[in-house]
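Below is one structure, written out as structure tokens, with a few remarks after it.
The values are calculated or read from the model by the stated rules, or taken from the named source; none is laboratory data. The structure presented is a predicted model; accordingly, all values stated were derived computationally and were not measured. Every residue, glycine among them, receives a Cβ derived from its backbone with ideal geometry; neighbour counts consider all protein chains shown. Side chains included, ligands, DNA and RNA excluded: accessible areas come from the protein's heavy atoms. Shrake-Rupley method; radii C 1.70, N 1.55, O 1.52, S 1.80 Å.
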Amino acid sequence: MKHFKATLKLLLIITLILNLFSFQNSFAQTNIPKPLDHFGFIPGADRMLFDYNELISYLEKLDEISPKVKMEKIGISPMGKTMYAAFISSEENIKNLDKLKNINKELALNYNLTKQQKDDYIKEGRVFTLFTLSMHSNEVGPSQALPLIAHELITSTDENILSWLDKVVYMVVPNHNPDGMDMVVNHYKKYKGTKYEGSSMPGVYHKYVGHDNNRDFVALTQSDTKAISNLFSKEWFPQVAIEKHQMGSGSVRYFISPPHDPIAENVDAGLWNWMKVFGSHTITTMTDAGLKGISQNYFFDDYWPGATETCNWKNIIGMLTEGASVKHATPIYIEPNELGVYGKGLGEYKKSINMPEPWQGGWWRLSDLVTYEIASTKGYLETAALYKNEILKFRNDMCIKEVEKGKNSAPFYYVFPLEQRDQSELVNLTNLLDEHGVSVYMLDKDIQFNNTKFHKGDLIVPLAQPFRAFIKEMLESQVFPARHYTPGGKMIRPYDITSWSLPLHKGVSVFEINENETFFEGAYSLVNIPFSLFEKVNTDYSSVLLSANNNNSYKAVFSALKNGLNVKQITEEYSINNKTYPKGSFIINKGNKFDHIVNELTFKPEFLSDDINVASKTLKLPKILLLESYYHPMDAGWTRFVLDSYQIPYKTIHPEDVEKIDFNKNYDVLIIPDESKSVLVDGKYKSQNVHYFLKYPPEYMKGMGKKGHEKILKFIDQGGIAIAWRSASELFTGVQKITIDEKNAEEFELPVKDVSDQIIKNGFLCPGSLLKINLKKDHPITYGMPEEIGVFHRNRPFFTTWQPYFDVDRRVIGTFPERNILISGFAQNEEKIGNKTSIVWLKKGKGQVVLFSFNPQFRASTPVSYKLLFNSILL
């Protein structure tokens, strides 16, 4: 009897505990705050936006209350905001996140799983769908929709949704660009209620790069990009990823996968097929819900890495959605005749296989866009749940398949000699590959391969790795996958750039091994990360000698100058300890922060205990201005990033500031990144003599005017240095005028002009490729450079020069060869630019101008040409 009573008592206690848990669970569910209660409005409401902190505080509340939510910090934005990933799933899955995370990693990277292990992981694993929201901050819809999505998922009693959450983990980055989100929201609120409500935000919605943050997933230069890449490259290994964007308002309402041609040839067919599965199911569910204007296979292609969908090359089913925009949160009315298409999948705005139910126009609101965002998210989650086992199996199948390709298909290895012209860029490349989840090894012994001898210490990257497609794509030169609308018909133009080869863009030598020779097997071991070639000596030294060949030398030089150290640049070649230092190399003498600067080096310098007998000049830190418009100046932003990264101080000015500045008294160098002359001078954008309306408040639409332009010319005439590239070079072409006094003015012409109009008319096309130029040897602008390099070039400009008059002069510094100009990417009729000028140095009075036909710092992804900019600054 005692035993029975004790058992009964125990059962009662267990029942009470279970009821208590049930009550707590029920209480938590009913106390989950609704978005309306938290924000004071329903997200998507007309003319209402919340900012990043408000969004995160709501998600943190859900994390505190609901067992179905977990927030994790994933990084810091460029301006210091904490970035998060939110995980939403069943309570059981959230409890087991660490276990599920390990299963993800095993399926993604372990190509030696037994059948039983694999079957167990597929049974126990869950599909992680990574959604990244609103990286372009004027595309507000995806982040504004998130609170409604999160609330519905964690409070729903719908059996379908509960079933999805049993099988799927909704993994979401609430906002890819927190800094930009606040910038855009604050701008919108500032002008709300005025005639400029919904206007474009001046400047870039990011610390540096604005819209180009979706071009950084190869170079990984920005901290927010690094945080996202780390999620799918090294930490969480989701099986599915969806990047959510917006587009213009005058076409389709929504785009979902799959993309249009061309597609990347290194990405396995299976990934493209899965995109069709996801897209087909999602468009069906969205259409069933009454949503119209949804398109597939339209406009957006997927042949180039750089966007978030770079994860495709890492065996993730990576997709894109694009929703039609409003004026941030202000509704718009669209007449039917205002709806059109842009080719590539839709020839006219009519019912078609790629848009089965057109939207006919009318009011379009943020709430409409939010509705589409919610529906598409649920469509992708449902698809992942339906095919849960197949997707998990596919992830490991791809891992095995790619490793087998690496073992049995060329190329088999890429080998990087340790002896490089720019050793610092070899170091950067090695560490970047590691950031991407690629294993880099070092040879343990010398190896003779055909006629090439590789040495112990050289770096080797085997292709037999799970991310083989990414390795091959990054380390080979590019050939654009040209596709045509009809057989022999018009080629489908590239959406963006066509070259991204890391060795070529960094100026690093590499050998592609296309024979599977067994003597490489077992001849290498993993490199230590972070990788560096710096070696400190124990002996006393008073200075260091740094080769101008290394980009890292320039970072040390500018840092030393900024800290007041004595820096000299040698003006002749110098040899010491069996090593030759080229003309233009640097000597930094001990002083403030010297040890810190030296320890930041990534290659081995020459430590000097005594002065050396070599011709040299003392350098001073130039005072630099950087001219930047308000018209989303991404190239100027990239320039600022490169200057900051290399410790080069500068002051940013806008066109309307030019008249107020005393250039010659306070500054030495003016840098003018790629920007239209009409924008800089008139505050208006003009192309082919047509002015285009820009949607900025009027206080941001001011140019420097003719007086400001003339002031820059006077600055040069009196000894200043101007550096400009691409469109900005137009400031210095044609007849110019400087006012001397009220009655007198001087007219002159710098002996250079852009001849690209005729070249393009003759059939030249280059959407963004690496083109070869020959460089003038031993000129101060080309110190540390080889005699030929690849530069990242687009359609224009191309220069020609002539014999000068009066106090002007010119030297051609860089020239395209006559033939074999294309190195990587795509160029049509390349012979049209043969022997044309790419870089020209100009003199006027006491000053100098350097013009580039290309961006020497293109998206911080072309270190091969950085030194041309740095040397120009040091003129």
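Just need a number here: residues in segment 486-513 that are assigned to a loop (DSSP other than H, G, I, E, B), farther than 19 Å from T862 by Cα and either touching a Pro at 6+ places or on another chain (Cβ under 8 Å) or in contact (Cβ under 8 Å) with a residue 40 or more places away in the chain (or both). Break it down into steps so the answer makes sense when it comes.
The initial filter retains those residues of segment 486-513 that are assigned to a loop (DSSP other than H, G, I, E, B), namely 486-490, 492-501, 507-510.
Still in the list and also farther than 19 Å from T862 by Cα: 486-490, 492-495.
Then drop every residue that is not either touching a Pro at 6+ places or on another chain (Cβ under 8 Å) or in contact (Cβ under 8 Å) with a residue 40 or more places away in the chain (or both), which leaves 492-495.
Qualifying residue count for the region: 4.
For segment 89-108, the set of residues classified as open to solvent by 30 Å² or more (accessible area, probe 1.4 Å) and either under 15 Å from R395 (Cβ atoms) or in contact (Cβ under 8 Å) with a residue 24 or more places away in the chain (or both) consists of E91, E92, K95, K99, K101, N102, K105, E106, listed by residue number. For segment 613-621, the condition of being of a type outside the set (S, T, Y), open to solvent by 10 Å² or more (accessible area, probe 1.4 Å) and within 26 Å of L680 (Cα to Cα) holds for none of the residues. The criterion of at least 1 residues that are modelled with pLDDT under 95 and over 22 Å from Y495 (Cβ atoms) is met by none of the strands (runs of 3 or more DSSP E) wholly inside segment 752-835. Scanning segment 271-295 for residues that are under 26 Å from the mean Cα position of the chain (by Cα), farther than 30 Å from A329 by Cβ and either open to solvent by less than 10 Å² (accessible area, probe 1.4 Å) or of a type in the set (G, A, S) (or both) yields a total of 2. Screening R395, R468, R421 for residues that are of a type outside the set (A, V, I, L, M, F, W, C) and open to solvent by less than 10 Å² (accessible area, probe 1.4 Å) leaves exactly one candidate, R395.
Considering segment 843-875, and only residues there that are in contact (Cβ under 8 Å) with a residue 60 or more places away in the chain and among the charged types (D, E, K, R), the residue that is surrounded by the fewest Cβ atoms within 10 Å (Cβ to Cβ) turns out to be K846.
Going through segment 670-684 one residue at a time, which ones are part of a loop (DSSP other than H, G, I, E, B) and open to solvent by less than 10 Å² (accessible area, probe 1.4 Å)? Let's see the steps before the verdict.
If we filter segment 670-684 for residues that are part of a loop (DSSP other than H, G, I, E, B), which is where we start, we get 673-676, 683-684.
Selection gives P673, G683.
Would you confirm whether or not segment 109-123 contains a residue that is among the hydroxyl-bearing types (S, T, Y), crowded, with 16+ Cβ neighbours inside 10 Å and under 27 Å from the mean Cα position of the chain (by Cα)? The answer is no; no qualifying residue exists.
Applying the set (1) open to solvent by 30 Å² or more (accessible area, probe 1.4 Å); (2) of a type outside the set (V, I, T); (3) within 27 Å of N273 (Cβ to Cβ) to G379 leaves exactly one unmet item: (1). With respect to the conditions (1) of a type outside the set (D, E); (2) touching a residue at least 24 places away in the same chain (Cβ under 8 Å); (3) touching a Ser or Thr at 6+ places or on another chain (Cβ under 9 Å); (4) open to solvent by 10 Å² or more (accessible area, probe 1.4 Å), V840 lacks only one, and its number is (4). Exactly one residue among E139, E152 is part of a loop (DSSP other than H, G, I, E, B) and open to solvent by 10 Å² or more (accessible area, probe 1.4 Å), and that residue is E139.
Hey, among the residues in segment 42-74 that are of a type in the set (G, A, S) and surrounded by fewer than 19 Cβ atoms within 10 Å (Cβ to Cβ), which one's farthest from K226 (Cα to Cα)? The qualifying residue farthest from K226 (Cα to Cα) is A45. Here Y574, Y631, Y667 are screened, and the one residue that is closer than 19 Å to V209 by Cβ and surrounded by 14 or more Cβ atoms within 10 Å (Cβ to Cβ) is Y631. In the set (1) open to solvent by 10 Å² or more (accessible area, probe 1.4 Å); (2) within 30 Å of Y631 (Cα to Cα); (3) touching a helix residue (DSSP H, G or I) at 6+ places or on another chain (Cβ under 9 Å), the condition left unmet by Y191 is number (3).
Restricting attention to segment 432-442, the residues that are open to solvent by less than 40 Å² (accessible area, probe 1.4 Å) and either on the phi > 0 side of the Ramachandran plot or part of a helix (DSSP H, G or I) (or both) total 4. The residues of segment 486-545 that are over 18 Å from V461 (Cα atoms) and open to solvent by 80 Å² or more (accessible area, probe 1.4 Å), listed by number, are P487, G488, K490, R493, Y495, E535, K536, N538, T539, D540.
In this structure, does L463 turn out to be buried (at least 20 other Cβ atoms within 10 Å of the Cβ), over 25 Å from G784 (Cα atoms) and not small (G, A, S)? Can you show your working first?
Working: buried (at least 20 other Cβ atoms within 10 Å of the Cβ): yes; over 25 Å from G784 (Cα atoms): yes; not small (G, A, S): yes.
For L463, the condition - buried (at least 20 other Cβ atoms within 10 Å of the Cβ), over 25 Å from G784 (Cα atoms) and not small (G, A, S) - is met.
Could you give me the residue pairs with C-beta distances under 7 Å whose first residue belongs to segment 326-342 and is closer than 10 Å to G198 by Cα and at pLDDT 95 or above, whose second residue is open to solvent by 80 Å² or more (accessible area, probe 1.4 Å) and not in a loop (DSSP other than H, G, I, E, B) wherever it lies, and which are 6+ apart or on separate chains? Qualifying pairs under 7 Å: P331/W363.
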